[in-house]
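Chemist: This is the structure I want to talk about, given as structure tokens.
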Amino acid sequence: MNAAVNPMEPAESPARKRGQYLTFLLGTEVFAVEILRIREIIEYGNGNITEVPTMPEFILGVVNLRGAVVPIVDLAARFGKKRCEPGRKTCILILEIEANAEKQYLGIVVDSVSTVVKIPSEEIVAPPSFGANIRPEFISGMGKVNGKLAIILNVNSVLSVDEIATLAEVGDAEVAAEGAA
């Protein structure tokens, strides 16, 4: 089997070579993100999210993280599902992504963090072309974790700063149009 290769990331990135991923739950589905993308994990209640008007439904707002303003994305809403219902295990994962050759930080809300696992590249397969309820560009591959398949996220696609900015501009235009009517 061929390992899934994400054109946005080097095929032999350090995390991919080591196969280290942080797994987490979103509903009943298991997801994974390369461990080197994780900058911090914060409890949802400690995030002090400030709402920002006219943002897309999946952007909950921003947090101040040691002087940096970090957008927070509800990952379930980003995937077209209903917004996350915060529970006692709900966390915000602060991720580092690449946007226009710059590092950006974004947070994603997840139901719970599981564990760090090793998924060798030979255990990662391309996502199916059918049946997935997530846009295919959001998935880097599928990896076996404890007998189950984990969806390995393509964080540069899921959390595209350009796409989020475009959606925010559309929201601003809609609000302006409503005000003019």
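Every read-out reported here was derived from the displayed coordinates using simple, explicitly stated rules and does not represent laboratory data. The structure presented is a predicted model; accordingly, all values stated were derived computationally and were not measured. Ideal geometry is used to build each Cβ from the backbone, glycine not excepted, and the neighbour counts take in all protein chains shown.
Chemist: Taking other Cβ within 10 Å of each residue's Cβ, how do THR28, THR23, THR90, THR50 sort, fewest first?
Modeler: On the way: THR28 6, THR23 23, THR90 17, THR50 12.
Fewest to most other Cβ atoms nearby, the residues stand as THR28, THR50, THR90, THR23.
Chemist: Related question: Kindly rank 36-42, 108-114 from highest to lowest mean number of other beta carbons found within 10 Å of each residue. Write out the running numbers ahead of the final one.
Modeler: On the way: 36-42: 16.3, 108-114: 20.4.
Packing order, densest peptide first, comes out as 108-114, 36-42.
Chemist: Could you pull out every residue, at least 5 positions away or on a different chain, whose amide H is within less than 5 Å of the one on LEU95? Hs are placed 1.01 Å off N in the peptide plane, and Pro or chain starts have none.
Modeler: ARG39, LEU106, GLY107, ILE108
Chemist: At a 10 Å Cβ-Cβ cut-off, how would you order ILE35, ILE97, ILE92, fewest neighbours first? Don't jump to the answer; show the numbers that get you there.
Modeler: Details: ILE35 16, ILE97 19, ILE92 25.
Neighbour counts put them in this order, fewest first: ILE35, ILE97, ILE92.
Chemist: Right, another one. Using each residue's phi in the stretch 144-151, evaluate 6.51 cos²θ - 1.76 cosθ + 1.60 at θ = phi - 60° and report the 3J(HN,Hα) Karplus result to the nearest Hz, with x for Gly and Pro.
Modeler: 7, 10, 6, x, 10, 8, 9, 7
Chemist: Which distance in nm do the two modelled labels at GLU57 and SER112 give, with both placed 7 Å along the Cα-to-Cβ direction?
Modeler: Result: 2.7 nm between the two label points.
Chemist: Once amide H atoms are placed 1.01 Å from N in the peptide plane, what residues at a sequence separation of 5 or more from GLU29, or on another chain, have their amide H within under 5 Å of its amide H?
Modeler: So GLU29 has HN proximity to no qualifying residue.
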